[in-house]
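A.B. asks: Before anything else, here's the structure in question.
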Amino acid sequence: MSKLWNSFHDKERVEPICKKQLNDWGVDYFDLYIVHFPISLKYVDPSERYPPGFTYDGKNVVPGKATIQETWTAMESLVEKGLSKSIGISNFNGQLIMDLLRYAKIVPATLQIEHHPYLTQQRLVEFAHKEGMAVTAYSSFGPQSFIELEMQQAKDTPLLFDNETIKTIASKHGKTSAQVLLRWATQRGVAVIPKSNNQHRLAENLDVTGFDLRKSELDEISGLNQNLRFNDPLNVSIRLSLILNIRFRILTLGSMVFPSLSTYRYGHEQQATRPRRHLDQK
Ligand SMILES: NC(=O)c1ccc[n+]([C@@H]2O[C@H](COP(=O)([O-])OP(=O)(O)OC[C@H]3O[C@@H](n4cnc5c(N)ncnc54)[C@H](OP(=O)(O)O)[C@@H]3O)[C@@H](O)[C@H]2O)c1
């Protein structure tokens with residue numbers, strides 16, 4: 001499984017980058033290939049920078065010209081050519097999906113979204129299911145995965161692992177908070193793809209189907225919803241270009257040295273393009 005990054009949304013870029021990713025993985029086809037974001041960014045040649053992240057030239061976020069229809073039609077041709085068995089989308093809201101369904105010859109097999117008790121996305125999940133899409137959750141542990149990306153908003157948010165509701169339910173079932181968070185999602189019909197660099201936690205995250213939460217417990221956990229979204233690319237990309245512009249000006253004045261941001265990469269996009277040995281290796 002892999003994802004199409006924002007810089008490769010133009011119709012003539014989709015197949016070549018998919019083939020590069022297949023080649024990087026050493027496989028002939030993907031089981032699933034998904035559009036990472038409903039965002040088109042200006043093409044960056046892989047020989048110049050790969051993975052390109054959000055910026056065009058290492059400094060500026062430059063929009064591309066591809067519509068989602070253009071990209072989706074190119075995605076469909078990957079299936080026709082046998083380069084991917086299924087295709088899907090990620091980080092789309094309900095309105096964008098409604099639009100896509102007007103012209104799609106292939107209904108997305110999956111919708112991958114940020115999903116945890118602080119962001120339950122109930123209506124979107126129901127809508128996707130009704131339209132025949134499987135829903136997959138990323139960031140099932142809420143702020144946890146964003147802390148390692150140094151996101152202040154995540155650092156300022158109480159960990160779901162420490163939440164009293166989650167802890168109490170976990171202790172009743174003799175499970176960890178992480179296991180309860182994963183089971184809450186799967187009992188809502190949402191697939192989970194937790195990642196860990198720790199062998200013990202990998203095993204723990206797989207051992208989440210041998211128990212059931214009661215309806216009242218599911219409701220109690222869903223009641224923690226705050227519509228709190230951590231993965232907001234608009235926020236990330238605008239902040240990034242602002243930071244880089246400020247840094248550029250300050251460096252031009254020669255008055256200060258900022259820690260280099262030129263190697264900044266959008267963490268999740270890197271994961272999607274780099275072979276890993278953990279649970280996200282699909
Ligand atoms: N479509 C998108 O836009 C998007 C965005 C983000 C992520 N994703 C995908 O989602 C998948 C999951 O990535 P994620 O970023 O969402 O991370 P995640 O799985 O929600 O969280 C990973 C973090 O949780 C910790 N962790 C894992 N299992 C644990 C456990 N049982 N107890 C305590 N801590 C635990 C890990 O630390 P340790 O390593 O130390 O265990 C790591 O800090 C990846 O395949 C990624 O590519 C997709």
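Any read-out appearing in this document is the output of simple, stated calculations on the displayed coordinates, not a laboratory observation. Please read these numbers as outputs of a predicted model, since none were measured by experiment. Ideal geometry is used to build each Cβ from the backbone, glycine not excepted, and the neighbour counts take in all protein chains shown.
A.B. asks: Computed FRET efficiency, Cβ-Cβ of Asp207 and Arg49, R0 45 Å: what is it to the nearest 0.05?
C.D. replies: Computed FRET efficiency for Asp207 and Arg49: 0.65.
A.B. asks: Based on alpha-carbon atoms only, what is the radius of gyration of segment 1-98 relative to the globular estimate 2.2 N^0.38 Å?
C.D. replies: Compared with the compact-globule rule of thumb, segment 1-98 sits at 1.03.
A.B. asks: Please rank Arg13, Arg102, Arg229, fewest neighbouring Cβ atoms within 10 Å first, as an exposure proxy.
C.D. replies: Arg102, Arg229, Arg13
A.B. asks: If you take the beta carbon distance between Glu131 and Ser171 as r and set R0 to 41 Å, what does 1/(1 + (r/R0)^6) give as a FRET efficiency, to the nearest 0.05?
C.D. replies: 0.60
A.B. asks: Another question, then. Taking only pairs that are 8 or more places apart or on different chains, how many Lys pairs in segment 101-214 have Cα atoms under 23 angstrom apart?
C.D. replies: 6
A.B. asks: Just rank Asp99, Asp45, Asp232, fewest to most, by other beta-carbon atoms within 10 angstrom.
C.D. replies: Asp45, Asp232, Asp99
A.B. asks: Extension gain Asn197-Leu96, at 0.36 nm per residue separation less the Cα-Cα distance, in nm?
C.D. replies: 32.9 nm
A.B. asks: Given the options Ala66, His36, Gln21, identify the residue whose Cα lies farthest towards the positive end of the charge dipole of segment 1-68 (+1 on Cβ of Lys, Arg; -1 on Cβ of Asp, Glu).
C.D. replies: Ranked along the dipole, the leading option is Ala66.
A.B. asks: Tell me, what ³J(HN,Hα) does each residue in segment 215-231 have, in order and in whole Hz, if you take phi through Karplus 6.51 cos²θ - 1.76 cosθ + 1.60 with θ = phi - 60° and put x for Gly and Pro?
C.D. replies: 4, 4, 6, 4, 5, 4, 5, 4, x, 7, 3, 10, 6, 9, 9, 8, 8
A.B. asks: Give the order of Thr120, Thr71, Thr165 when sorted by the count of other beta carbons within 10 angstrom, beginning with the fewest.
C.D. replies: Thr165, Thr120, Thr71
A.B. asks: For Tyr103 and Lys215 in the same chain, what is the full-extension length gain: residue separation times 0.36 nm, less their Cα-Cα distance, in nm?
C.D. replies: Taking 0.36 nm per residue and subtracting the Cα distance, the gain is 36.5 nm.
A.B. asks: On to the next question. Once the piece of chain linking Gln153 and Lys19 is laid out straight, how much longer is it, given 0.36 nm per residue of separation minus the C-alpha distance between them?
C.D. replies: Between Gln153 and Lys19, full extension yields an extra 44.6 nm.
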